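Colleague: Shown below is the structure under consideration.
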Amino acid sequence: MKSILGYHLIEVGKYILTPYQIILAIIIIAATLIFLRGLKKIFLYRLAKKHDKKTIATIFILTKYLVWVISIVTTLEVIGVNINYLIASSAALLVGMGLGIQQIFNDIVSGIFLLFEGNVRVGDVVQMSDDTVATVKEIKLRTSKVLTRDGVIIIVPNSKLLSENVINWTSIDEKTRFYVEVGVAYGSNVEKVTNILLKVAGEHTKIASKPKPFVRFHDFGDSALIFRIYFWTNETFTVRNIKSDLRYSIYKYFEDAGIQIPFPQQDIYIKQFPGAKS
């Protein structure tokens with residue numbers, strides 16, 4: 001048995017690989033998988049009941065990467081690979097590849113900062129620089145997965161979440177302020193317009209009663225008087241649906257009250273030059 005386990009499967013110079021080393025490597029990898037599976041149950045099922053789920057999930061991800069690094073290094077040592085020699089011999093190659101993997105390295109470092117700082121966590125609703133609003137479903141070391149309002153999963157480089165302007169709606173106060181803008185024809189009863197807008201906002205079940213919605217006479221437009229109805233809600237992810245409901249109601253109430261919503265129009269005057277034939 002000893003002779004079988006010690007048999008030289010590969011022998012290159014001073015390097016020797018035996019069945020015994022392979023078996024140890026398999027045991028280490030299997031033990032790592034079993035350990036992480038048990039650790040996941042402890043973190044996400046037991047600790048999450050007593051502590052913040054997002055914080056526990058972040059700690060688990062960092063712990064998982066650390067365990068895998070230790071496991072891989074140990075496995076390489078077991079099969080006879082000298083880590084120091086490997087790093088030294090690949091230094092020149094890594095320098096050569098450095099320019100090509102700068103962005104990847106940037107994403108990985110950004111992922112580490114995201115996991116440590118916790119500015120963006122799993123479950124947060126974020127608005128990215130391109131105005132995409134999505135829920136963070138997973139944060140990995142290099143990329144993150146977000147779920148958009150359309151139900152589409154987007155894989156986002158971590159550097160985009162860290163270096164660009166990102167609004168984290170979840171970290172803001174529970175209620176967030178939004179508004180819907182509408183224009184009415186010149187000559188409309190502005191008091192009636194204000195009362196209708198307040199009534200529409202007050203009737204919507206997903207709009208908070210405190211703070212109260214309010215109306216602002218925003219501007220004198222080219223073709224209309226511009227009003228805005230401001231409201232607060234904690235339904236930030238589906239606020240577009242709320243705005244749509246308000247527009248439906250506003251249009252109906254305005255129609256019933258005889259208030260016109262004008263469309264942009266221009267008057268063109270054609271001037272006849274002297275001597276031109278009519």
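Colleague: Quick check on my filter: what residues within segment 168-216 are farther than 14 Å from Glu235 by Cα and β-branched (Val, Ile, Thr)?
Modeller: Within segment 168-216, the first condition is being farther than 14 Å from Glu235 by Cα, and the residues that meet it are 180-203, 210-216.
Within segment 168-216, Val180, Val182, Val184, Val190, Val193, Thr194, Ile196, Val200, Val215 qualify.
Colleague: Quick check on segment 95-126: of everything there that is of a type in the set (A, V, I, L, M, F, W, C) and at pLDDT below 75, which residue is nearest to Asn165 (Cα to Cα)?
Modeller: That would be Ile101.
Colleague: Follow-up. Sort out which residues of segment 141-167 are assigned to a loop (DSSP other than H, G, I, E, B), surrounded by 13 or more Cβ atoms within 10 Å (Cβ to Cβ), among the hydrophobic types (A, V, I, L, M, F, W, C) and more than 9 Å from the chain's Cα centre (by Cα), and write them in order of number.
Modeller: Result: Leu141, single match.
Colleague: Going by the conditions given, is Thr170 surrounded by 13 or more Cβ atoms within 10 Å (Cβ to Cβ) and part of a loop (DSSP other than H, G, I, E, B)?
Modeller: yes
Colleague: Which one is farthest from Gly151 (Cα to Cα) among residues in segment 193-242 that are out of contact with any helix residue (DSSP H, G or I) (no Cβ under 9 Å at 6 or more places or on another chain) and surrounded by 18 or more Cβ atoms within 10 Å (Cβ to Cβ)?
Modeller: In this case the residue turns out to be Ala224.
The rows are residues; the columns are (1) at pLDDT 70 or above; (2) within 22 Å of Ile22 (Cα to Cα); (3) aliphatic (A, V, I, L, M).
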position: His51; (1), (2), (3): no, no, no
position: Lys54; (1), (2), (3): no, no, no
position: Leu62; (1), (2), (3): yes, no, yes
position: Tyr65; (1), (2), (3): yes, no, no
position: Val69; (1), (2), (3): yes, yes, yes
position: Asn82; (1), (2), (3): yes, yes, no
position: Leu93; (1), (2), (3): no, no, yes
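Colleague: Going through segment 211-238 one residue at a time, which ones are hydrophobic (A, V, I, L, M, F, W, C) and assigned to a loop (DSSP other than H, G, I, E, B)?
Modeller: In the first step, residues of segment 211-238 are kept if they are hydrophobic (A, V, I, L, M, F, W, C); the result is 214-215, 217, 220, 224-227, 229, 231-232, 237.
Correct list: Ala224, Phe237.
The values are calculated or read from the model by the stated rules, or taken from the named source; none is laboratory data. Please read these numbers as outputs of a predicted model, since none were measured by experiment. Here Cβ is always computed from backbone atoms with ideal geometry, including for glycine, and neighbour counts include all displayed protein chains.
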